[in-house]
Every structure is written in C-alpha cells, then in structure tokens.
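A short write-up of the structure that comes next.
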Amino acid sequence: MDEILRREVRLLTTRLGALIQEQCGRKTFDAVETLRQLSKRLRQTSDPELLASSDREVRSLPLDRAADVAHAFSLFFHLVNLCEERQRVRRLRHYDSGDVGAPMSLRASFNRMEKQNIPVDAFARLLRSMRIEPVLTAHPTEAKRRSVFNHVLRIGQSLEALGGSEEHSIEKSVDPWIEALWLTEETRERPMTPELEVENSLVFLERTIYDLAGIFWERFVQEMGRYAPRLRDERPCIRFGSWVGTDRDGNPNVTAETSLNAAERLRHSILDYYRRRLDDFLSVISYPCSRPALERKVRKEIDRDMKRFPATRVFEGVDQPLECYRRKIRIMRWRLERTIDRARGAYADVSEFERDVELIERALVEHPSPRVARLEPGRLHTAVQVFGFHSVSLDFRQHSSHVRLAAEEILRSAGLPSAPGEARIQSIHTLLGKLPRRVKLSDAARHTIEEFETLRQIQSHNGEEASHRYILSMTSSAADIWDVVLLGWQAGLVKPQGDGRLQSTFDAIPLFETVDDLEAGPGILEQLLKDRHYRRLLRSRGNFQEVMLGYSDSVKDGGYFAANWALFRAQKRLCEVAKKHNIRLGLFHGKGGTIGRGGGQSHRSIQAHPYAAPGGRMRITEQGEVISLKYANLEIAERNLEQLVTSVLDTHMLAPKHLPYENQAASWEEYAQEIASASCDFYRNLVYETPGFVEFFREATPIDLIENLRLGSRPSRRSNTHDLSQLRAIPWTFAWTQSRHFIPAWYGLGHGLEKFLAGHLPDGLDLLRQMYRHWPFFAVIIDNAEASLAKTDLYIARRYEALCHPADLRQQISSRIEEEYQRTVRCVLEITESKQLLERQPVLEESIRLRNPYVDPLNFLQIRFLEKWRREPRPSPELVRLLQITVGGIAFGMKSTG
C-alpha cells in the first residue's frame, strides 16, 4: 500500500475510533475492536473455536450497541474509500506532469496517433461524427445519503487544505467533520421519491459535471493540438443525458408532473450556473479594453443591446469608462436573469447567448489575454455548447406492454386490426397519413399517451434537445416500435406532410434486454429499415437510428457468458444492418456498476467490443453508486470521461487493421457460441428450472430486506409476485453481492468452459489460451470473471445459506453453486496459466484481502438480525435501521451494490 494512503487511512480511522469512544463509551469501541481482530484471525485460519467466539460476540450485542458497531464499520469504509480516491487523484497528477501521459489518456492516444502517422483527415472525420454521452439514471443502487456524502467531502477538503501540516493540525481540522459524520443518520427515514432523485442528480451536475465539460474539452483541444495543430473550432463531442424523473418503466411514482418539474429544475439549474459564471467573469475580467479597434467593436455591441433593452442603460455608470468587457457581461447577466424568468429581454435561444459568450472569448484573445479567455469564456462557451438552455437531455422510458395496450385501443377506436403484428403495422401506416383525433381511452392507456404529450410539452418549453428520445423496454418485434410511433403521432410528435413525408421530433429507441431479444434485434432493425414508411420517418431524424442494449437483464436472463456473447453478436450484426441500409447507427449501452450487470473497466471493455461505438457514437448509463464514484470528485470525473473518449478514439484510430490470428476469428466466434449455449442452459437450469430455487434465493440472500429498503423510488418488481422473471436485475444482483455469492458474475461459465474442453480434446485448452491471448473480447470476459470469483466468498455465503430451510433444499442448491464455483476457478486459472486468482492484479488482490476483515463483521451482524427480522411480524424501526446500516456498509466495503 502507498505510504501516504496508509498514513491517511490510519489517521482518519484512528480519529474515528477516538470519537466512537467519546460518543458511545469504551464498551462499543471494544466490541468494534474485538470483532475486527476476530475477523482478521479467521481470515488467517479457519479455527472452529475462533468461529464460535465470533458468533458469541455478535450474539452478545444488544440491538442499540450492534447498530453502533455496524455504523462504525460502515463509516470505516466511507473514510477508506475517500483515502483511496485521494490516492488515485495523486497518481493522476503525477502522470499529468510527464510527457507520456497516463495509460488510456488523451496524451497517450494522441502521442500514439502521431507516432503511427494516422492521417489528420481521418481523425477529423471521426471527430465530426463522434458523440459520447454518459446518461445518469435513478436506478436504486446508491446507498449513500447526500448528508453523509457532504461530510465525507468536507473531510477530503480538510485533508487537501492541510496536506503538509503536522498531524495534530490535521486532526483538529478533520475531527469536527468526523464527529458530524458519526452523528448523522446513515439511513433514510422517509421513502425515496422521484423528486428527491432529481435533487440528488442536480448535486453532481452542479458540483462537477457542468464544470467538467469545459475543463475536459480544454484539455482535449490542448492535447489534440500536439497531433493536429491546424485543426480548429471543432464542437465538443460530449453530451450528457438523464433518466431521472422520466423513467416510467415499472415506476408508478413518475408522473407527467414529475417529468415537467424535472425538466424545469434542470433548466433553472443550468441557467443559474451560467449566471454564476458571469459573476466570476466580472471579478476576473477587471481590465479596460484599451485597443481602439477592439473597443469600438465591443461598444457597438453594447450600444445595440442598450437600444434594444433600455433598462440596461443603468450599467453605463457602474464600471470605469474603459471597462467595456464588464459592461457587456452585466448586460449578458441581466438578459440571463430574464431568460430564467421567461421575461421580456430574455435570450431568444441558446445560440444568441452563445454568440455573446463567443464575442467575449474572441475579444479577450485579441486583447491579448488568451489565458483568461481559455479559463473563463472559453470554458463557458463549451458548457453552453454541451448543455444549452436545457442542461441534460431527458430520456423517456416505458415497458412495451403499456405502449402496446394504448396502441391497440387507438387502432380499435379507428376500426383497424391490431393483430397479428404485420396487420398492426399496416394499420399504423394507414393512420400516419391522417391527422389524429381525440379518442376515448382507458385510464392505463391515457397515462401512457400522457408520457408522449409531456415529452412534447418539454420540447415546446425548452427545445427539442431537452427531450427527444423514447426508449421501449423489452422490445421483441418491429410492431413494438411502430406502437411508439403511433403514440407519438397521437400526441403530435409525428406529423404527416403534404407530399407523403413524415416529420418527427423524437426518436423511437428499441431496448433489447433478454438473450433472445438480443439475438432477434438485428432482424427487427432490418424489418424496420426495409419499410419505406419507417425510412421516411427516419429521414426527418437525419437518417439516424439509436438502439439500446440491456446488460443487466440479459445477464439475469441467460447468465454471465451467454449474455456477454449475445451483446457482442448483437452489436456486430446491428452495425452490419445499418451499413447495408446506409443509415447512421448509435448504440446505447445500459450497463450497471457491477460485472454482473455489465460493469467493469469501461476503456478495456469498449476496446473488446469493436462495434460498441459505430461512427464514434455511444451512450452509456451511469447508475446508482457509480455516479458518486465517478462524479463526486472533479479530477476523477475528468479521468472517467477521458477514458470513455479515448476508448472510442483508440478503437477507431489505433486498432490494428490486421490482427494476428484474424483468419481464426470465425472459428473463435463459433467456439464462443458453443460455450455460451452450454453455459446458458446450465445457468437457466439452476435459476429457472430447479424446484425450490426461488425459496433458496429468498432465504439465502437478503433479497426480502432489499425489497423493503428506501434506496430508490422504483419498486423492485414489475408486478407484485415472487416470480423471478418479474424481479428487476438490480435487486437480483444486489442480493447476491450482499451475501457474497456474486452468482450473476460467473455462474455457468465454468460449465461452458469445461464442456468445451471435453468436446475439443486434446487441443481445447490450447485453443482457449490462444483466444485469451489474442482476442480482447474473450480476455475481458475471463479477467472480469476472475475479479468476481476473487470477491466471491463461500465462507460468508455459507452463513447466509444456513438461514435457508429445509436443510435438504439448502444442501442441494448450495452444493451445485460450490461445485460450479470450484469448476470456474479451475478453468479460469488454467486459461490464464495462473496459480491463484488475481495473480496478475496484485493491487486488487490486496484491496480485497485488506477489506475482508472489515466487511465480515457487517455480514455477521446482518445475518444475525436478518433472522430476527424475518421472525417478527412487526419489526421495530430500530431493527430495520440496523439492517439498513449493514446493507449500506457491505455495499461501501465491496464498492458495489447492484
């Protein structure tokens, strides 16, 4: 461990211990220390007496002291995670001081492009096509309250401010915030609402993301200048999106009012950010405009403004006579305030405001004051290009069954057939040539139509960029997408033109989520693109079609390997279909934070999927705890965005044109299909076909507890049933993470690999090793599985399994899980030619090893009190609170939820 990291961890955890003694007394502190030491020793030796001592210690704790002990271990991880984040920032700063740059950095990518003589024209074409867009979602996997987040942030700021000070000075500085952190309630007493989720997303937008756009793009242009010094005035290739307040799939709490309020809060947020930046301008750009020609130019703009808006003449006597910049900025600020209030004098649109910002930027460059120009109006100019007057673009999402119901009612009212699928499509074609009329609908259909009307209202108030996507969950046919088009037509988003054309102001986006739907997806796109009516619609959208791919649900549906293989194949085949029909394709990757939900190292993952960003276009979800991990710190946020952008750059510009073993690619894909089929059957046999598995899952994991938590506004199930198909992928993965099984991230892989080895004797292992060494897709699959296997802890998992009854059911399923775990570990080690897991990733191995003794006590406490919670018909609020603390603490310790 790095020495500074070690010192900071020791300092903060020592101060936490001192404050625990002060606040709760010696008994609580001793209980924390005893459990920590026992857990540490149990990790070194599986002595039954130690295990019994640990059990006695946990069972001896009364409820109130157990809650304090859980709180202590949970806060330990908050502080350790902060220290690790600071270490990462120090490492980034060190890399930044050198000429080579960090791996996966802009500097490294442009250096390689220069060395390999990549034509600047080819890069410029890619840059014009590129669009990278992280999309914030409100998926309920963020276990940290905002108040806790703020206290941790203050501790980090204190450490930063006193970096080289004596230890006692740092203690004095951090103690108040550690004390406040200890006294702050970790759990939410009120249920999470969509409105609170909107406010939470604004925290990250206002704290880092708005600034991030300008800072990142300034760095991009600077690094690009080394490689292509003559390339200028390229608009930023980054944007940001959000589902917060508009994702209706399975969430009845999101209403039309919620979405309209979300759009308005975002609009106010970004305009207020611009206003604050103009206030910064006023304090920094304090010098006169002394060049006569430049002064005349700026004064001409001021005179024009004052003539249009006489109220701004009040600014004539505020500044020194020659301080023309300040006068112009005051007028801009006045107009921005009118824009916020939608009052007379407001900017007509964002382009008018952008023109004013650009005027100040160019004037300062001419002054000359190039550094200030870059720092202030330059960065604001980028923010305006990225966020407009709307902030982030809001996506609407709904399940296909809801949209289908509304479409069928509209068709029925028009006397047109709605089945089978081809007849439904023909009926929709017929209606699209007409103007919509008012239709009497059921309440359910009416609510669905309201979503489209709300989207139209947001466009009317804030512009098309504010919201223009409607994502259809569980798309399984071309008719499903035509249903979306029909509802868009009914709401006035799609309009017939006199010459047979169709004009649309929104994009209908299929979301393929199951293994079968991913397989069918390219055929569905082919059917849509062969339809002349759909091509007319697409022409009004710039011949651009976006497709979303679901990682979480596909893993839950078919297991880890089969889902990843289905995603690889879908991307490749979708790109082929788009190329055949000469349309621009964009892929939207619906990933979670954990490997079991498609997470992992973004840069390496994208390079392993060469079709992930066709034309450089890619959207990707940032979900739950991933948002705070990536966007709480500005420097880490910049690094995250840099890795995302360079992954696309490197894939398109630096990937070898001819790979070694390229002639074997077709064979390797056949082998992957073979492994996927076997692993999928094996996984589905356990999860969907084994009698009693649902009962095992509900008793051997804390899924019932998770379903009762207040982590998000969306229910954990699409319908009120214990059917696994109705359980969302997030709580599914979350539960297996808490119990340390990590089943979604590896189960089925070992069986698929072993069956392949048996069927390809004697060369099977050599083939897999060759694939691992030379095929990035297969290497990433194996390495991610290895990381998940290392985090899997059957010692802890067995403790959870002991809660499952009857014993024969527990033994039957537990033995299958353990057998597959051992099989998967054995196969992974053979393929990677390693003696133990994470042999080639010592930093991750050390992190897991050092964290385990601190996570284990939280698991022990959760298991003990989960049993009590399940027995009690009306559990006390204190018991529920304790269990909530353990859930959050385990999540922070494992650095993953769902």
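The values are calculated or read from the model by the stated rules, or taken from the named source; none is laboratory data. None of the values given here were measured: they were computed from a predicted structure. Cβ sites come from the backbone with ideal geometry, for glycine too, and all protein chains shown count toward neighbours. When the accessible area is computed, the model is the full protein with side chains, heavy atoms only, and any ligands, DNA or RNA have been set aside. Shrake-Rupley method; radii C 1.70, N 1.55, O 1.52, S 1.80 Å.
Observations on the model:
Yes/no per residue for (1) in a loop (DSSP other than H, G, I, E, B); (2) open to solvent by less than 30 Å² (accessible area, probe 1.4 Å); (3) more than 19 Å from Arg541 (Cβ to Cβ); (4) in contact with a Gly (Cβ under 7 Å, 6 or more places away or on another chain):
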position: Gln398; (1), (2), (3), (4): no, yes, yes, no
position: Glu408; (1), (2), (3), (4): no, no, yes, no
position: Lys440; (1), (2), (3), (4): yes, no, yes, no
position: Ala444; (1), (2), (3), (4): no, no, yes, no
position: His447; (1), (2), (3), (4): no, no, yes, no
position: Arg456; (1), (2), (3), (4): no, no, no, yes
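- Among the residues listed as Phe778, Phe756, the single one being closer than 22 Å to Leu567 by Cβ, surrounded by 20 or more Cβ atoms within 10 Å (Cβ to Cβ), under 27 Å from the mean Cα position of the chain (by Cα) and touching a residue at least 40 places away in the same chain (Cβ under 8 Å): Phe778
- None of Ala213, Ala228, Ala262 is at pLDDT below 95 and touching a helix residue (DSSP H, G or I) at 6+ places or on another chain (Cβ under 7 Å) except Ala228.
- Test for Leu271: is it open to solvent by less than 50 Å² (accessible area, probe 1.4 Å), at pLDDT below 95 and over 23 Å from Glu513 (Cβ atoms): no
- Looking only at segment 481-504, and only at residues there that are surrounded by fewer than 23 Cβ atoms within 10 Å (Cβ to Cβ) and charged (D, E, K, R), the one that is farthest from the chain's Cα centre (by Cα): Asp499
- Just one of the numbered conditions (1) at pLDDT below 95; (2) open to solvent by 10 Å² or more (accessible area, probe 1.4 Å); (3) touching a Ser or Thr at 6+ places or on another chain (Cβ under 7 Å) is not true of Ser554: (2).
- Boolean, Arg335 is within 44 Å of the chain's Cα centre (by Cα) and open to solvent by 50 Å² or more (accessible area, probe 1.4 Å): no
- Qualifying residue in segment 651-661 (condition: open to solvent by 60 Å² or more (accessible area, probe 1.4 Å), at pLDDT 90 or above, over 24 Å from Ile743 (Cα atoms) and assigned to a helix (DSSP H, G or I)): yes
- Residues that are open to solvent by less than 20 Å² (accessible area, probe 1.4 Å) and under 18 Å from Pro236 (Cβ atoms) were ranked within segment 623-637; the one that is modelled with the lowest pLDDT is Tyr631.
- Number of the condition not met by Lys434 [criteria: (1) surrounded by fewer than 18 Cβ atoms within 10 Å (Cβ to Cβ); (2) at pLDDT 95 or above; (3) charged (D, E, K, R)]: (2)
- Tally of residues being in contact (Cβ under 8 Å) with a residue 60 or more places away in the chain, in a loop (DSSP other than H, G, I, E, B) and on the phi < 0 side of the Ramachandran plot across segment 353-391: 4
- Condition check for Val843: at negative phi and open to solvent by less than 40 Å² (accessible area, probe 1.4 Å): no
- Annotation: of all residues in segment 464-477 being open to solvent by 30 Å² or more (accessible area, probe 1.4 Å) and in contact with an Asp or Glu (Cβ under 9 Å, 6 or more places away or on another chain), the one that is nearest to Arg239 (Cα to Cα) is Met474.
- Yes/no for Ile360 being crowded, with 18+ Cβ neighbours inside 10 Å, among the hydrophobic types (A, V, I, L, M, F, W, C) and not assigned by the TED database to the domain that holds Leu455: yes
- Test: residue in segment 866-875 that is modelled with pLDDT of 95 or more, closer than 24 Å to His805 by Cα and either open to solvent by less than 10 Å² (accessible area, probe 1.4 Å) or in contact with a Ser or Thr (Cβ under 9 Å, 6 or more places away or on another chain) (or both): yes
- Lone unmet requirement of (1) over 25 Å from Phe76 (Cβ atoms); (2) loosely packed, with under 15 Cβ neighbours inside 10 Å; (3) among the small types (Gly, Ala, Ser) for Ala213: (2)
- Annotation: of all residues in segment 877-898 being in contact (Cβ under 8 Å) with a residue 24 or more places away in the chain and open to solvent by 40 Å² or more (accessible area, probe 1.4 Å), the one that is nearest to the chain's Cα centre (by Cα) is Lys895.
- Matching residues in segment 670-685 - criterion: being out of contact with any helix residue (DSSP H, G or I) (no Cβ under 6 Å at 6 or more places or on another chain) and either free of Cβ contacts under 8 Å to residues at least 40 places away in the same chain or open to solvent by less than 20 Å² (accessible area, probe 1.4 Å) (or both): Glu670, Asp681, Tyr683, Asn685
- Residues satisfying the stated conditions in segment 817-862, i.e. over 30 Å from the mean Cα position of the chain (by Cα) and closer than 18 Å to Arg799 by Cβ: Glu818, Phe860, Leu861
- Residue count, segment 603-623 (criterion: without any contact (Cβ under 8 Å) to a residue 60 or more places away in the chain and charged (D, E, K, R)): 0
- Members of segment 591-619 found to be at pLDDT 80 or above and not in a helix (DSSP H, G or I), listed by number: Lys591, His609, Pro610, Tyr611, Ala612, Ala613, Arg617, Met618, Arg619
- Being open to solvent by less than 10 Å² (accessible area, probe 1.4 Å), among the hydrophobic types (A, V, I, L, M, F, W, C) and touching a residue at least 60 places away in the same chain (Cβ under 8 Å) is a property that Val152 lacks.
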